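Here is the structure we will look at.
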Amino acid sequence: MLVLLPPSEGKATGGTGPALEVGGLSLPALADAREAVLTELVELCAADEDKAAEVLGLSPGLRGEVAKNAALRTSGTRPAGEIYTGVLYDALGLASLDAAARRRAEESLLVFSGLWGAVRIGDAIPSYRCSMGVKLPGLGALGAHWRRAMAGPLPEAADGRLVLDLRSAAYATAWKPKGEVAERTATVRVLQSRMVGGVEKRSVVSHFNKATKGRLVRELLTAGVSPSGPGELVGALRDLGYVVE
């Protein structure tokens with residue numbers, strides 16, 4: 001199973017690992033595309049704080065993120081599974097997985113990123129700020145940049161496995177499964193029910209959606225379940241106590 005996750009907007013800081021090695025990240029075929037984004041982002045943030053904040057869509061309270069990006073090549077790193085925080089990752093609880101589940105997580109989880117394209121949870125990266133919705137002055141829209149770069153490496157990473165797509169809409173633009181990979185892909189919508197005027201209404205509630213997706217992945221990893229297709233996934237989730245349509 002290959003699980004596609006969105007990143008978190010907030011990220012842990014204070015990496016104590018060695019400086020970034022772009023060539024050492026997973027999916028090495030993305031190295032040139034990563035280097036292109038990294039180079040422009042660092043140069044933009046080092047040269048003009050106001051312009052960088054505008055391009056990145058940062059509020060005044062987040063202007064410190066510009067300096068963080070300017071120092072990406074020399075900052076300390078942490079495993080990506082520690083960098084990403086927030087509701088989904090809190091519910092996933094990577095740090096408390098047992099050894100077997102942790103190995104499954106390292107093999108199956110791919111976190112999409114505006115800066116890196118996609119990384120595995122063991123990849124050493126610095127804390128950064130660059131969403132998939134950013135349009136860099138030189139490279140243009142990052143979604144389009146990564147679509148071109150991922151056309152080959154991502155189908156190879158899927159490698160005959162079920163693709164469980166839990167990405168948000170912005171990150172789904174970076175790669176859309178096609179052909180036989182699409183036939184093995186399951187996307188998940190988490191709906192919450194409530195009564196309005198005596199009528200049941202169902203909707204996606206952000207916090208509930210993220211937390212449920214994190215728990216869902218954790219329970220699949222802990223149970224050691226490896227469904228080969230969407231039908232088997234439905235059965236596995238029902239066995240774990242989820243209501244699935």
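The values are calculated or read from the model by the stated rules, or taken from the named source; none is laboratory data. From a predicted model like this one, the values you see are computed outputs, not experimental measurements. Positions of Cβ are backbone-derived with ideal geometry, glycine not excepted, and every protein chain shown enters the neighbour counts. Remember, those area values only see protein heavy atoms, side chains included, never the ligands or the DNA or RNA. Shrake-Rupley method; radii C 1.70, N 1.55, O 1.52, S 1.80 Å.
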Task: Failed item in (1) out of contact with any Lys or Arg (no Cβ under 9 Å at 6 or more places or on another chain); (2) of a type in the set (A, V, I, L, M); (3) modelled with pLDDT of 95 or more, with LEU142 passing the rest - done: (1)
TODO: Could you tell me whether ALA53 is touching a helix residue (DSSP H, G or I) at 6+ places or on another chain (Cβ under 7 Å), under 30 Å from PRO155 (Cα atoms) and open to solvent by less than 50 Å² (accessible area, probe 1.4 Å)?
DONE: no
TODO: State which residue pairs qualify: first residue among the aromatic types (Phe, Trp, Tyr) and inside the range 206-228, second residue open to solvent by 10 Å² or more (accessible area, probe 1.4 Å) in any location, beta carbons under 6 Å apart, and separation of 6 or more residues or different chains.
DONE: PHE208/GLN192
- [ ] Could you grab me the full set of residues in the range 130-161 that are in contact with a Leu (Cβ under 6 Å, 6 or more places away or on another chain) and either of a type outside the set (Gly, Ala, Ser) or under 14 Å from PRO6 (Cβ atoms) (or both)?
- [x] CYS130, MET132, VAL134, HIS145, PRO153, ARG161
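Condition check ((1) of a type outside the set (Asp, Glu); (2) in contact with a helix residue (DSSP H, G or I) (Cβ under 9 Å, 6 or more places away or on another chain); (3) under 19 Å from PRO7 (Cβ atoms)) across all residues:
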site: ALA67; (1), (2), (3): yes, yes, no
site: LEU72; (1), (2), (3): yes, yes, yes
site: THR77; (1), (2), (3): yes, yes, yes
site: GLU82; (1), (2), (3): no, yes, yes
site: TYR89; (1), (2), (3): yes, yes, yes
site: GLY93; (1), (2), (3): yes, yes, yes
site: ALA99; (1), (2), (3): yes, no, no
Open item on the list: Here is a list: ARG189, ARG148. Which entry is under 17 Å from the mean Cα position of the chain (by Cα) and among the charged types (D, E, K, R)?
Closed with: ARG189
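Residues checked against (1) within 23 Å of the chain's Cα centre (by Cα); (2) hydroxyl-bearing (Ser, Thr, Tyr):
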{"site": "GLU200", "(1), (2)": "no, no"}
{"site": "VAL204", "(1), (2)": "yes, no"}
{"site": "ARG218", "(1), (2)": "yes, no"}
{"site": "SER226", "(1), (2)": "yes, yes"}
{"site": "PRO230", "(1), (2)": "yes, no"}
{"site": "GLY235", "(1), (2)": "no, no"}
Task: Criterion (small (Gly, Ala, Ser), open to solvent by less than 40 Å² (accessible area, probe 1.4 Å) and part of a helix (DSSP H, G or I)) met by exactly one of GLY231, GLY235 - done: GLY235
- [ ] For the range 82-93, state whether one or more residues are more than 20 Å from the chain's Cα centre (by Cα) and at pLDDT 95 or above.
- [x] no
TODO: Might you check whether a residue that is open to solvent by less than 10 Å² (accessible area, probe 1.4 Å), out of contact with any Leu (no Cβ under 8 Å at 6 or more places or on another chain) and either of a type outside the set (Ser, Thr, Tyr) or closer than 28 Å to GLU49 by Cα (or both) occurs anywhere in the range 97-115?
DONE: yes
Task: helices (runs of 4 or more DSSP H) fully within the range 1-93 counting 1 or more residues that are farther than 19 Å from GLY117 by Cα and of a type in the set (Val, Ile, Thr) - done: 64-70, 87-92
TODO: Might you let me know whether the range 161-174 holds any residue that is over 18 Å from LEU41 (Cβ atoms), under 17 Å from the mean Cα position of the chain (by Cα) and β-branched (Val, Ile, Thr)?
DONE: yes
TODO: Filter the range 217-227 for residues that are open to solvent by less than 10 Å² (accessible area, probe 1.4 Å) and either of a type in the set (S, T, N, Q) or in a helix (DSSP H, G or I) (or both) and give the result.
DONE: VAL217, LEU220, LEU221
Open item on the list: Filter the range 63-88 down to the residues that are over 17 Å from GLY14 (Cα atoms) and open to solvent by 20 Å² or more (accessible area, probe 1.4 Å) and list them by number.
Closed with: ARG63, VAL87
